[in-house]
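Below: one structure, written as structure tokens.
Every read-out reported here was derived from the displayed coordinates using simple, explicitly stated rules and does not represent laboratory data. Note that the structure is a prediction, hence the values are computed from the model and not measured. Don't worry about glycine lacking a Cβ; one is built from the backbone with ideal geometry, like all the others, and counts go over all protein chains shown.
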Amino acid sequence: MLCQYNPIDIERALHAGASDPPFPPAADRAAWEAVRAALGEEAVSEMIAQAEADAESPIPALPATLYLEFVRTGQREGYQDPMARRRQMLCRLALAECLEYQGRFLDPLLDVAWAICEESSWAYPAHQRALTDMEHPVIDLGAAMTALYLAELDLLLGRELDPALGKRIRYDVDRRCFTPYLTRHDHWWLHNTHLRNVNNWTAFCNGGVVGAAIYLESDMARLAEIIARAARSLDDYLDTFDPDGGSSEGPGYWSYGFGYYTILAHLVEHRTGGMVDFLAGERIRRIAQYPLRTVLSPGVYVNFSDCNRRVRLIAPHLAYLARRLDLPDLMRLAREQGGSPRERMLSWGLRNLFWRPEGDPAGRFVPARHDWFRGMMWMIARYDPADPGALVLAAKGGHNGEMHNQNDVGSIIVHVCEESVVADPGRGRYTRAYFGPERYEHFVNSSRGHSVPVPNGREQLPGREHGAELLEHRADEAIDLLRLELRGAYPGEADLASLQRTVALHREPPRGWVELADDVRFASGPGMLESVLITFGRVDMGASEVTLRGERGALRVRFDPDVVSPRVEEVRDVDLAEGPADIRRVVFAFAEPREEGTIRLRIEPA
């Protein structure tokens, strides 16, 4: 428990801790020349060329009317894109000046840093939703990360920039972040409450605010209070992970939240000389290995709930964890990552220079044959982990009160040829209606957008009380199997006495196959059951089989035509995070009402 670290002990550790900075300032030319040599002149020249272009570019304007555009249209990008552009300029100009150290980027860097300080709010419009109340600053993801960017700019180039900037940074970060962090209790992300549970925001916002305080706060007693407050809050964040280190938010949000948790853990450990350690213990090691256990094929991860189908993890984050926690597979995974958009911002851009992946250990990452997260009831079964194109099954139980919840208890993903042919739509794009008086239920949030059963036309209900009961889970040389009772996920109108779903990967040569069986017993009389598969691919219908054809992979789905009547429903232009997409619901329905019965599907590579 991180709350073991009280302010008195933390302050003692701060006084006894390190006096050297966690990263070398630009004036440390030996350190930065070593970075140049490691990067190579081609990479350095490219970074400096980008900074030269930024130095000649105008700073994007952020007028009040642009902020209010979100209120009128629900579109975040109008304000957030130029806001992000300012921070990307800050990153590129700062790192280029550190690498070159000729002073020619200092004036444009001062201009963009000062412009960021002059922004009325560092919060995103979607999180504040009104023009700024200067007496009540909002601490959100945008405010927290901006505080850390400016603090690390001050570390790197504070001595080279106008002294007024350092004073301005300290004033603004204290007013917008430190003081409200210490004196207010309306930050929903800070602790679990009866009104709302925490999620990745807790790690991210604490990481940004407290990380900035480690750089900027000179009062050791106050800094100790800030760190202690974060430690208690981060206990709540760690409690969102299941006993095996799994997060219902998915690998993308793991990277987002646990990335900033790692940033903060490093800064706290360094500042206290190792006396305060947020990365100690087997629990942290399990959480750190979460992405290793959710890989479907290179670059593609299990994306149940509000997560993108393709995820680019942050290579320096994985590399640091690999070294710090002695997890060599994380280093292998780090080398597979392309550049993440997060690395365009100063905190990860800086760490990308100092936490680079290494060539050892050699080889590529190969996942396990079977992974199981018992708290979330997630099973991932891989027919041949060494073959990226081999059949993979992912299935979930859980409940419908999870973080970033979608009503998807019992959902499955079937992945072949490096493609999820039976797919989870993942993350939906936010709309204005999402922030209206009533939450807008996107197609992907409801159970209609997932590969789950539909009894008597009824969809699953939201809430932690609506979930699965684990009946059986096993994995051996012949089969990986998960059996769930799903009755509790549905309303009483579904008239269920029992609805059991069995999902299994049969390891029969040459390529294996997936069994999906839904066994239903209705409570008061004959009823109808539909078993649904979601796909982005083309659907070819046959008398006793359906073929799902993706861009690379294909699956043949066999069924009993005496029991099942299949149909295809097309849902056009579903608004997903990756852009609009057409989704097909392949529905396998009872041919006629039954008091009890089974829909059994055999899904095999085509």
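Taken along its three principal axes, the alpha carbon spread of the chain comes to 80, 53, 49 Å, from the longest extent down to the shortest. Long hydrophobic helices in the chain, taken as whole DSSP H segments with a C-alpha length of 20 Å or more on their own axis and mean Kyte-Doolittle hydropathy at least 0.5: 141-157, 200-216. Rounded if a/c is under 1.5, else prolate if a/b is larger than b/c, else oblate: which is region 509-588, with a ≥ b ≥ c the root eigenvalues of its Cα gyration tensor? Note, shape of region 509-588 comes out oblate. Using the alpha-carbon positions of region 186-341, Rg (one decimal) and Dmax (whole number) come out as 15.5, 49 Å.
Sorting the segments 395-401, 547-553, 328-334 by their mean number of nearby beta carbons within 10 angstrom, highest to lowest, gives 395-401, 328-334, 547-553. For the pair T547 and Q102, label points projected 7 Å from Cα toward Cβ lie 6.2 nm apart. Highest mean packing comes first when the peptides 554-565, 572-583 are listed by Cβ atoms within 10 Å, giving 554-565, 572-583.
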